[in-house]
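Notes follow the structure.
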Amino acid sequence: MSEGRVIATAGGGILYDASRVSKPVEDLFSRTHWAARGALDEIAGGRSSIAVLNTGSERWVLRHYRRGGMMAKLSQDSYLWTGAARTRSFAEWRLLAELRRRGLPVPAPIAARYVRGLFTYRADLITELLPASRTLADVVTGAELPEAGWRAVGKTIAAFHHHGVHHADLNAHNILFSGDHTNIAHDHAPAVYLLDFDRGRIEARGAWEQAVLARLHRSLEKVKSQRADVRFGARQWQWLMEEVMPGNRRLG
């Protein structure tokens, strides 16, 4: 993974991996541009505003940063300008690059940009699309995730915490199973990735780890309350917790 190169644009800047992007231009982040080429495969709704791009040789994910909560009522996608390095897109790109250098399972960052306003900016991020992937929320809906799958999730979270990686919003929708997860056996754990490191950081280990796990637990309970036939309960959470925090039988 390269350190990343930065170029100035008329409205802001682009940070990119030169081994994956030969010509970093504004059109790279334009859905209209990709759609005109017949290369905009799908768009998933919701706050994250995701588009899947087909370059011909690779498939990428384009995410436009959008606000949530009360702040969204003031501005859906504008953030206070405090410098290029502190933009959400550049910060997340660099964090993903560092995590990959440490061997942690995250998608590769391709390119990031910001577009300046007078006192604000808007931002976008492109990462690689992981093959044959499904979220934890989808995997446990209508089907049983075997014990090995839950333990694989726990081991993955434990690996990130070992490196002091504080995920700001770990939930059932940004834990991803990639590859063949339909025949999970005890001796063949699935590949598990973590996504969406907006506002994530590396820091000393501490009480924040419990808060991350509590957020994940609430997310799984929310999925269970919103969907029919979600296979999640105390036993599944125990399997996960035994891997991420050995000796702990359940949250709390």
### Task
With θ set to phi - 60°, apply the Karplus curve 6.51 cos²θ - 1.76 cosθ + 1.60 along the stretch 151-159 and write out the HN-Hα couplings as whole Hz, x wherever there is a Gly or Pro.
5, 5, 5, x, 5, 5, 4, 4, 5
### Query
Taking only pairs that are 8 or more places apart or on different chains, how many Lys pairs in the chain have Cα atoms under 29 angstrom apart?
4
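If packing is taken as the mean number of other Cβ atoms within 10 Å per residue, what is the order of 220-233, 93-106, highest first? List each step's numbers first, then the result.
Values: 220-233: 14.3, 93-106: 17.4.
Ranked by mean Cβ neighbours within 10 Å, highest first: 93-106, 220-233.
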### Query
Which of 33, 81, 141 sits farthest toward the positive end of the charge dipole of the stretch 23-177, with +1 on the Cβ of Lys and Arg and -1 on the Cβ of Asp and Glu?
81
### Summary
Whole-percent tail of the Cα-Cα distance distribution for the chain, cut at 23 Å, equals 54
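Among 50, 7, which comes first, second and so on when ranked by fewest other beta-carbon atoms within 10 Å?
The fewest-first ordering by Cβ neighbours comes to 7, 50.
Ranking request for peptides 14-25, 30-41: highest mean number of other beta-carbon atoms within 10 Å first, then the rest in descending order. Working shown, then result.
On the way: 14-25: 16.4, 30-41: 13.9.
Output ranking for 14-25, 30-41: 14-25, 30-41.
Every number in this text was worked out from the coordinates using simple rules, so none of it is lab data. Model, not experiment: these values are computed from the prediction. Please note: Cβ atoms are built from the backbone with ideal geometry, for glycine as well, and neighbour counts cover all protein chains shown.
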